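Okay, so here's the structure we're looking at.
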Amino acid sequence: MARTRSKRQQQLQQAVMIPVDWLEERSGLVGGIKYFLFRKVPAETNWFHTLGSATLTAFLVQAVTGVILAMYYKPAPEEAYASIQHITNDLTLGWLVRGMHRWGASVFIILLFLHMGRVFLFGAYKYPRELNWLVGVILLTMALGEGLTGYLLPWDQTAYWATVVAININANAPIVGPYLGEFLRGGAEIGNDTLARFYSLHMLVIPGGLFALIGLHLYLVVRLGITAPPWTKAAGGYEEVADGRPLRKGLVDPKPRGNGAIAPRRPEA
Amino acid sequence: MADDLERPDEPAHEESEQHLPTPTILPFAFAGGVALILIGLIINWWLAVAGGVLALLFGFAWIREVTRDVRAAPEPEPVVAEEPVSELAVEEEGPEEPERYPRSVFLELSTLGIGAAIGALVTVPALGFMIAPAFVGQGDDDVDLGPLDNFPEQQYVIAQFNSKKDEPQDVGRRAAFIRNNGQVDDVPSFTIISNRCAHVGCPTQPQGLPGNAKDVNTDAGPVTITPVASVSGFQCPCHGGAYDAEGNRIAGPPVRALDRYQFMIRNGNLVLGKRFSVGKVEGTGADAKIYAYKRYDPGQHVDGLEQYLWPLPPYEGN
């Protein structure tokens, strides 16, 4: 602050800061975002830790391209395949958006599994992050559900028969299977209702759940901190932080928030 | 905030330290039991049962092992209870006695309860609408396949037809393999086999020499009839299921014979009726003994011990 600012610079700064302050005073959002972006992470994080963010990015790409595709796609048996062809061949850059959605779906699933592998191999699913692993497993299931329901939408031969097979596999679950099959098909056979049903699941039900659970997933990541890789010194055991309290190494957030937020602390054995 | 933190030397922490389970071999034994179930499902039922017993046994032992500390923990409680309660506490509790069900609790619970009731009022019909239509009023229409002349005796034809009048053609289009077995006591006999594989429902193909297709228009819409000479059986392209000429499974993953259709003769036309599932067929043609069951989804056993894994089909056909 030793440097004196010109009047112009001050004006500029005010122009930026006044709306930001206005927002901060009324919502606390700015502080929250700062906390999220500048929270502490272990020193030895590496590129493997970016797999989660990469998965999130892939999901957001799916969401955006999916919304755009929904503006042109017609979920009716007579029109579905024609509208897909229209998107791919006629519309400007339609091939690109559909391609992104189609190939991005595979990227999303692949990244999910890589992220899961990273969490498993780093032991990041252990106490106190078990809940986040459980949420992640539900997210994986829902992502696979997106794959299943999205596969039918082009309404070509591959889509149709793959869905026949997939639904019949579901229908073979013991006890609940026949009912599950009925529900997915919307009847005894694949028909008019099946496509609309899968469209609704693919567009509304599962993405809604995904958004909600990704929110919970991220909240838990921020609250519990990131695990150091297992080969680092910080990964195992406990050490004393500055104020003398024991802190399990690898847990970097020493400040508890909320009632009973003391989970990360444990004594030396 | 920092004052709330428990210090490491406090006993509470030592207690939490006890929750670390001791090393044990039991989970491996449990996993072995589960593996035995899975192997048994393929090889032999009794192996699966044995695996189930082992898994239950070791799972129970494992839970006992893991929760030993927790189960032992409540012991000290009576000691605390026996301690003479301070008079201050007694005095405090005295006047509280009539307030066993205070107003605040009542309001809390009634708010929750009314909220739940309103929520249910909106949610239950919506959920019903979401789920119920899938289980009500299902089943295919009767399908008129045209005059009997189109079905030569002792030869299979592929008949492609619209199973539902109100559905677009491509969606409701089905195929059946139809063989005219000739007259039995002046009553025509047909073998009508659904083309859907009894594994997971792919379309099977007849193994034979297809002839020229012929289109017939009936009340049920366009019907395509393709004769196939010297059919030796049916095969599924998806996962290699194979059936003989009566629809019996001879190889591959299917769990039963191909489904069949009931039929009737109406005004000289062959009309398809209900589809039903078949366990197996003994004999051939008009003399065949068909082990018929209600219509099940592909992949579900209709006979043997496995049938109890699946409830009766929710739909009834026509």
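Filtering the range A:62-70 for residues that are in contact (Cβ under 8 Å) with a residue 12 or more places away in the chain, out of contact with any helix residue (DSSP H, G or I) (no Cβ under 7 Å at 6 or more places or on another chain) and in a helix (DSSP H, G or I) leaves an empty set. Do the conditions hold for A:LEU201, that is, is it within 24 Å of A:ILE68 (Cβ to Cβ) and either charged (D, E, K, R) or in contact with a His (Cβ under 8 Å, 6 or more places away or on another chain) (or both)? When the stated conditions are applied, A:LEU201 does not pass them. Here is the figure for the range B:157-176: residues that are more than 17 Å from B:ILE265 (Cα to Cα) and among the aromatic types (Phe, Trp, Tyr) total 0. The criterion of being β-branched (Val, Ile, Thr), closer than 25 Å to B:ASP170 by Cα, modelled with pLDDT of 90 or more and assigned to a helix (DSSP H, G or I) holds for A:ILE84. The number of residues in the range B:275-301 being within 14 Å of chain A (Cβ to nearest Cβ) and either of a type in the set (Ser, Thr, Tyr) or more than 21 Å from the chain's Cα centre (by Cα) (or both) comes to 3.
When you check A:ASN192 against the structure, is it polar (S, T, N, Q) and at pLDDT below 90, yes or no? The answer is yes for A:ASN192.
Against the numbered list (1) at pLDDT below 90; (2) more than 25 Å from the chain's Cα centre (by Cα); (3) basic (Lys, Arg), A:LYS74 comes up short only at (1). Exactly one condition in (1) at negative phi; (2) within 14 Å of chain A (Cβ to nearest Cβ); (3) surrounded by fewer than 22 Cβ atoms within 10 Å (Cβ to Cβ); (4) not in a strand (DSSP E or B) is not met by B:ARG256; state its number. (3) is the only condition that B:ARG256 fails.
Under the condition of being touching a Gly at 6+ places or on another chain (Cβ under 8 Å), of a type in the set (D, E, K, R) and free of Cβ contacts under 8 Å to residues at least 60 places away in the same chain, the residues counted in the range B:247-290 number 3.
The residue of the range A:156-188 that is nearest to B:ILE131 (Cα to Cα), among those that are more than 7 Å from every other protein chain (Cβ to nearest Cβ), not β-branched (Val, Ile, Thr) and not in a helix (DSSP H, G or I), is A:ALA173. The residue list A:TRP133, A:TRP161 contains one member that is surrounded by fewer than 19 Cβ atoms within 10 Å (Cβ to Cβ) and touching a Cys at 6+ places or on another chain (Cβ under 8 Å), which is A:TRP161. Which residues, taken from the range B:259-274, are surrounded by fewer than 17 Cβ atoms within 10 Å (Cβ to Cβ) and either within 17 Å of the chain's Cα centre (by Cα) or within 14 Å of chain A (Cβ to nearest Cβ) (or both)? Listed by number, the list holds a single entry, B:LYS274.
Whenever a residue of the range A:102-127 is on the phi > 0 side of the Ramachandran plot, its partners that are not polar (S, T, N, Q), lying with C-beta atoms within less than 8 angstrom and at least six residues away or across chains, give the pairs A:GLY123/A:PRO230; A:GLY123/A:ALA235.
For the range A:71-95, a residue qualifies if it is more than 14 Å from chain B (Cβ to nearest Cβ) and either touching a helix residue (DSSP H, G or I) at 6+ places or on another chain (Cβ under 6 Å) or crowded, with 18+ Cβ neighbours inside 10 Å (or both), and the qualifying residues are A:TYR72, A:TYR73, A:SER83, A:ILE84, A:ILE87, A:THR88, A:GLY94, A:TRP95.
The values are calculated or read from the model by the stated rules, or taken from the named source; none is laboratory data. Since this is a predicted model, take the numbers as computed values, not measurements. Neighbour counts are summed over all protein chains in view; Cβ atoms, including those assigned to glycine, are modelled from backbone coordinates with ideal geometry.
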